[in-house]
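These notes are about the structure you will find just below.
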C-alpha cells in the first residue's frame, strides 16, 4: 500500500499541501529540543537556586533529580500505554502537562513547591520523550528512518548546546524564574503545533485492563533505586550501607521486573525483542557507550576548572562543544544508516570515540584548549552519528507494534546509564584524587592524574561497546 494513503492528515487543512512526514518530524523535533534544553538549564541554575533558598547542594539537586526520576519511570509505561490510547494523543498531552509544570515552577516560592513543579514537568517530559521517536519514524518509509532519527538527535544536541548560554544569560540578567518562563512559550508552541498537525488515532475502545500496572510499579522501584544510587554514590562512597541497600534493591527489582514481564501477556517491555540480534547488540552497545560518555566526558569540567584554572563559564563553553557537535553529526549518521546499515557505522564511530578517550587520558596541566576543543568536537560528531544510527537500527529491527517500546528504550538507554555513570565516575574520580593528592600534593597535578584515569575508564566502556559489534555480528539491514 502506498505510504501516502496510509498516513494521517494534519488537523489544519491548509497544512495538507505539506508532506505529513515532515510535519510529524517537525513536531517531534520540538520535543527533542525542549527536553535537553530544560534539563541542562536546570543543571546550571542549581548553584543559584541553592543560594536563593539557602540550602546545601545535596538538597538542591532534588530539583534536578525529581524531574529525571519521573521521566525515566514513566518512559516505558507511557510507551506501552500509547498502544492502547494512541501515541499522538499522549505526545500532545505531554506538552500540556509540561507547560503546567513550567507555570507552577514560575509561581513557586519555596523549594518544596519548586520540586513539585519539577515532578509535573517530568511527567510531561515522560509523555513526549516516550513517544517522539516512534511518532517521527512511523511517518517515514524504511529508507528514510535514519534521516528522521538524525534530525531528532540533532535537535537534542542543539537543545543541549543552547542551554548553557541561554540559561546563563537568563540567570545573570533576570534570575532563576526566567529559566522556567523561557520554557513556557516553547512548550505551548509544541502543544499548538502537535494539535494542528497530529490527528488523534481513532480507537474504538480503550481497554486499560491490558495495561501492565504491576510491571510499571516494579519498574518505578528499579528506576528510583538506580537514580538514588547514582546520586548518593559520590557522597557516601562504596562502603556505605545505604549504597549497598540501593544496589540490592535495584538488582532485586530488576530481576523481579524481568520475571513479571516474561509472564505478563501485555508487558511494558516485550523481552522477546532481545531475541533479535540487531536489537540486542544496538541496545547493549548504547548502554556501554552512555556509561563511557557519563564517566569520561561529564567529569571533564573538574579537570578544566581545577587543573587548567578555567572559570565555570569558560569550562562550560568548552564542555558544550561536544553537545553542539552532536547536532552536527546526527543527520549524516542517520543518513548513512539508511544507505549502509548499522555495523560499519557502529564500528567506525566507536573506534574513533575510543581514540578520543585515549587522547583525553593524555591531558595534563600543559594541554592546550585548542586540542581539547578539537577532541570534544570530533567525539561529539561521531557520538551524534552513533546515536542516530543506533536508534534507527533499534526501530528497524522490531515489529511495527513494538515501535513505541523501542523508542522509549532508547531514551531510557541514554538517561539511566548517564545517571549511574555520573555516580560511578564521581566516586572513582574522588577516590583517585585523594590518592594522587597524597603522592603529588593537592592541586592541579593531582586533578590531572585523577582525570587521566577517568578518561581511561571511559575508554574501557567504549571498547566494551565496540566489542558488541566485533563479536556479535548483527544481521544485515
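Taking every pair of distinct Cα atoms and averaging 1/r, then inverting, what Kirkwood hydrodynamic radius in Å comes out for the chain?
Taking every pair of different Cα atoms in the chain, averaging 1/r and inverting gives 22.7 Å.
For n ≥ 4 DSSP H runs only, could you compute -39500 (n - 2.57) per run for the chain, divide by its residues and tell me the 222 nm figure to the nearest 500?
It comes out at -28000 deg cm²/dmol, rounded to the nearest 500.
Please find the FRET efficiency linking residue 26 to residue 456, where r is the Cβ-Cβ separation and R0 is fixed at 41 Å, and quote it to the nearest 0.05.
The calculated FRET efficiency here is 0.45.
Taking the Cα atoms only, what angle lies between the long axis of helix 111-137 and the longest principal axis of the chain, rounded to 10 degrees?
With both axes taken from Cα atoms, the answer is about 60 degrees.
Take the eigenvalues of the Cα gyration tensor for region 124-250, scale each by 5, and report the square roots as semi-axes in whole Å, largest first.
32, 27, 17
Quick one: angle between helix 369-396 and the longest Cα principal axis of the chain, in degrees between 0 and 90, rounded to 10, please.
Its long axis makes an angle of about 30 degrees.
For region 213-265, take N as its residue count and report Rg(C-alpha) divided by 2.2 N^0.38 Å.
Relative to the 2.2 N^0.38 Å estimate, region 213-265 comes out at 1.25.
What distance in nm separates the two pseudo spin-label positions at residue 11 and residue 435, each 7 Å out from Cα along the beta-carbon direction?
According to this spin-label approximation, the distance is 5.8 nm.
Using 7 Å Cα-to-Cβ label points, what is the residue 43/residue 242 separation (nm, one decimal)?
2.3
Assuming 0.36 nm per residue, please report the length gained on full extension of the stretch residue 371 to residue 264 beyond their Cα-Cα distance.
So the chain would gain 33.3 nm between residue 371 and residue 264.
Take the Cα pairs of region 305-393, get the Kirkwood Rh, then feed it into Stokes-Einstein at 4 °C and 1.567 mPa s and tell me D in µm²/s.
It diffuses with D of about 95 µm²/s by this estimate.
In square nanometres, what is the average projected area of the Cα convex hull of region 269-477?
11.4
Does anyone have the angle between helix 342-360 and the longest principal axis of the chain? Alpha-carbon axes, 0 to 90°, nearest 10?
20
Rounded if a/c is under 1.5, else prolate if a/b is larger than b/c, else oblate: which is region 80-197, with a ≥ b ≥ c the root eigenvalues of its Cα gyration tensor?
oblate
So, by mean Cβ neighbours within 10 angstrom, what's the order for 169-180, 359-370 with the highest one leading?
Those peptides, ordered most packed to least, come out 169-180, 359-370.
Mind checking the full-extension length gain between residue 277 and residue 189? Use 0.36 nm per residue of separation minus the Cα-Cα distance, one decimal, nm.
Difference between extended and current length: 27.7 nm.
Every number here is computed from the coordinates shown, using simple stated rules; none is lab data. Model, not experiment: these values are computed from the prediction. Using ideal geometry, Cβ is built from the backbone for each residue, glycine included, and neighbour counts are taken over all protein chains shown.
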